[in-house]
1. Please say if the stretch 142-185 is rounded, prolate or oblate, where rounded means a/c under 1.5 for a ≥ b ≥ c the square roots of the C-alpha gyration tensor eigenvalues, and otherwise the choice is prolate for a/b larger than b/c and oblate otherwise?
2. Using the basic label-point model (7 angstrom from Cα toward the beta carbon), what is the ASP94 to GLN166 distance in nanometres?
3. Taking R0 as 35 Å, what's the FRET efficiency between ARG81 and ARG138 from their Cβ-Cβ distance, rounded to 0.05?
4. What does the charge add up to near PRO57, with Lys and Arg as +1, Asp and Glu as -1, over the other residues with Cβ less than 10 Å from its Cβ?
5. Only residues of the stretch 146-162 count here: report those whose backbone N is under 14 Å from the spot 7 Å along Cα→Cβ of THR66, or say none.
6. Efficiency by 1/(1 + (r/R0)^6): what FRET value for THR155 and LEU48, r their Cβ-Cβ distance, R0 = 25 Å, to the nearest 0.05?
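All of the numbers you see were taken from the coordinates with simple rules; none came from a lab. Note that the structure is a prediction, hence the values are computed from the model and not measured. Cβ placement follows ideal geometry from the backbone for every residue including glycine, while neighbour counts extend to all protein chains displayed.
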Amino acid sequence: MEMQPPDAPATEVLKDPLQASEVIRPAFEYWRAQSGDAWAPSSTAFQLDSLPPPLIPWCVVVNVVTEPAAGATGAVDFVYRFWGTERTRLFGRDLTGRSISELQPVEMRDANYAEYDEVRNTRQAIVCRKPARLSNMRAVQFESLRLPITRNGETVDRIFAATCYQHLTEDHYRLFGTEAPAIRL
């Protein structure tokens, strides 16, 4: 599996989250409402259980872990604080409490790391559309929303992400060696 084969476009990053697919757009609208006049909502204001119930199993929340000696711009890890149940079915494992370094395939890990790091550095919401090609050369695309969350009003401490599940096919599951659910959501 290659995330970006030579004949496929690179990940498309959209700076306007209103361009997100309709199934994940409500998460952005909730995030924006909870932000008020701030650039992001606090971690206490942004509550997963306030999101549309069908979306929650497709979400993750990552903690931004900065090496203390490196400061705000130093070495960063992203640790999954919450990993939705449908993502476990798709990826074949639960990454709650685990580092992004454990995400496979490596192309997906590297793309997600870059997206999370962009949100951390810019303090802005983004939508990412990642192409992938299976070994049989069939192409699929993943769309995800990435939203910053803050505890102190100055730095991104957490990042919320939601995957657009509306157009996932059996090919998306094959990419990770898993099987699509018999009943589509």
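1. Cα axes put the stretch 142-185 in the prolate bin.
2. Taking the two extended label points, one gets 2.9 nm.
3. In this case the efficiency is close to 0.60.
4. +1
5. Zone members listed by number: 149-159.
6. The formula returns an efficiency of 0.75 here.
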